[in-house]
Amino acid sequence: MEKKLTFDEISLIDDDLLRNEALYEYFDEDNRLKTRAGNVEFITTMKKIEELLKPGMRILDMGAGTGVYSIPLALKGFEVVSYEPSKQNYQVLEKKVSDLSLNNISLKCASSFEMHELPSDYFDLVLLFGPLYHLSKYEDQMKTLDGSEKSMQG
């Protein structure tokens, strides 16, 4: 069994994706929004998302975590594509989608750096909650924003 890194060791990891993977060994992302503060975040965010939704929209959830937003949106009947780079979070998301037999949600264990694989001008709504605060370099944040803009319909 591999020893977990300490927080001090994790803070020294320069690669954002590797650092975040190590951090998620400590944090239970699936239960984060089940706290009172998390409930406020979820309710407020979903209210804003629902104001934008129209029937038939295609949604990209980049940095989907464990599906906190992807799953409710798929359950509402929207086509959802979810990218999640953390293997631990991705496995939780994959199990939830399987358990719910959702066929309108596509999953990929990948980061926002792999958005170029997605079709241009395809999505009506892009959720980018995690990628922007998990990326420490400005140029990586801009690359992510540029990729999300290209994947959205005009």
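Among all residue pairs at least 6 apart or on different chains, which show Cβ distances below 8 Å where the first residue, located in region 129-150, is farther than 17 Å from Pro85 by Cβ and touching a residue at least 24 places away in the same chain (Cβ under 8 Å) and the second is open to solvent by 50 Å² or more (accessible area, probe 1.4 Å) and charged (D, E, K, R)?
Going by the 8 Å Cβ cut-off, the qualifying pairs are Lys150/Asp121.
Taking Arg36 as meeting all but one of (1) of a type outside the set (A, V, I, L, M); (2) within 15 Å of the chain's Cα centre (by Cα); (3) modelled with pLDDT of 85 or more, write down the number of the exception.
(2)
Here is a list: Met57, Met46, Met142, Met152. Which entry is within 26 Å of Arg19 (Cβ to Cβ) and among the aliphatic types (A, V, I, L, M)?
Met142
Just the residues that are of a type outside the set (Asp, Glu) and either assigned to a loop (DSSP other than H, G, I, E, B) or within 15 Å of Ala64 (Cα to Cα) (or both), please, taken from region 1-19.
Across region 1-19, the qualifying residues are Met1, Lys3, Lys4, Leu5, Thr6, Leu12, Ile13, Leu17.
Considering only region 6-19, state which residues are open to solvent by 70 Å² or more (accessible area, probe 1.4 Å) and farther than 19 Å from Lys137 by Cα.
Phe7, Asp8, Glu9
Of all the helices (runs of 4 or more DSSP H) wholly in region 20-111, which have at least 1 residues that are of a type outside the set (Gly, Ala, Ser), touching a strand residue (DSSP E or B) at 6+ places or on another chain (Cβ under 8 Å) and open to solvent by 70 Å² or more (accessible area, probe 1.4 Å)?
By residue number, 36-52, 87-99.
Can you pull out every residue in region 110-125 that is touching a Gly at 6+ places or on another chain (Cβ under 9 Å) and farther than 24 Å from Asp15 by Cα?
Selection gives Asp121, Asp124.
Which of (1) open to solvent by 60 Å² or more (accessible area, probe 1.4 Å); (2) in contact with a Lys or Arg (Cβ under 8 Å, 6 or more places away or on another chain); (3) in contact (Cβ under 8 Å) with a residue 60 or more places away in the chain does Asp121 not meet, given it meets every other one?
Going through (1) open to solvent by 60 Å² or more (accessible area, probe 1.4 Å); (2) in contact with a Lys or Arg (Cβ under 8 Å, 6 or more places away or on another chain); (3) in contact (Cβ under 8 Å) with a residue 60 or more places away in the chain one by one, Asp121 breaks only (3).
Can Gly147 be described as surrounded by fewer than 18 Cβ atoms within 10 Å (Cβ to Cβ), farther than 22 Å from Asp28 by Cβ and modelled with pLDDT under 80?
no
The values are calculated or read from the model by the stated rules, or taken from the named source; none is laboratory data. Just so it is clear, the model here is predicted, and its values are computed rather than measured. Here the Cβ is made from the backbone with ideal geometry for all residues, glycine too, and neighbour counts use every protein chain on show. SASA here: full protein model, heavy atoms, side chains in, ligands and nucleic acids out. Shrake-Rupley method; radii C 1.70, N 1.55, O 1.52, S 1.80 Å.
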